[in-house]
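The values are calculated or read from the model by the stated rules, or taken from the named source; none is laboratory data. From a predicted model like this one, the values you see are computed outputs, not experimental measurements. FYI the Cβ positions are ideal-geometry reconstructions off the backbone, even for glycines, and counts take in every protein chain you see. When the accessible area is computed, the model is the full protein with side chains, heavy atoms only, and any ligands, DNA or RNA have been set aside. Shrake-Rupley method; radii C 1.70, N 1.55, O 1.52, S 1.80 Å.
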Amino acid sequence: MGRKDYAAAARLYEEAISHGENTAENHQQLAIAYYRIGSNAKAEDHFQRAIRLYQDRKARGVDTAGADAGIRVCQDYLDSIRE
């Protein structure tokens, strides 16, 4: 993502997720990559998945502050998509 090659970043995050790294952060970063290349439907799907994973983390009492921050970021992007 740092090189702004968002299509390549999306492929790498998809691969990571498909190989078991199904984390909120990976879904969030994948969603941001899709957002940056204009694939808003895919971005929305992965932001929603990230939010669910962050909510699961909060329910388990794990890094609740980080989960709250992640949810806010995802929600801000979703709001932007839906404007």
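Okay, residues lined up against (1) in contact (Cβ under 8 Å) with a residue 24 or more places away in the chain; (2) open to solvent by 80 Å² or more (accessible area, probe 1.4 Å); (3) basic (Lys, Arg):
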residue	(1), (2), (3)
GLY38	no, no, no
ALA43	yes, no, no
GLN55	no, yes, no
ARG60	no, yes, yes
ALA65	no, no, no
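Within the set GLU25, GLU21, GLU15, the sole residue that is open to solvent by 80 Å² or more (accessible area, probe 1.4 Å), part of a helix (DSSP H, G or I) and out of contact with any Cys (no Cβ under 8 Å at 6 or more places or on another chain) turns out to be GLU15.
When ALA31 is tested against (1) in contact with a Phe, Trp or Tyr (Cβ under 8 Å, 6 or more places away or on another chain); (2) of a type in the set (A, V, I, L, M, F, W, C); (3) part of a loop (DSSP other than H, G, I, E, B), just one condition goes unmet, and that condition is (3). Only one of the numbered conditions (1) among the basic types (Lys, Arg); (2) on the phi > 0 side of the Ramachandran plot; (3) under 13 Å from the mean Cα position of the chain (by Cα) is violated by LYS4, and that is (3). Of note, ALA50 satisfies the criterion of being assigned to a helix (DSSP H, G or I), within 15 Å of CYS74 (Cβ to Cβ), open to solvent by less than 20 Å² (accessible area, probe 1.4 Å) and touching a Cys at 6+ places or on another chain (Cβ under 8 Å).
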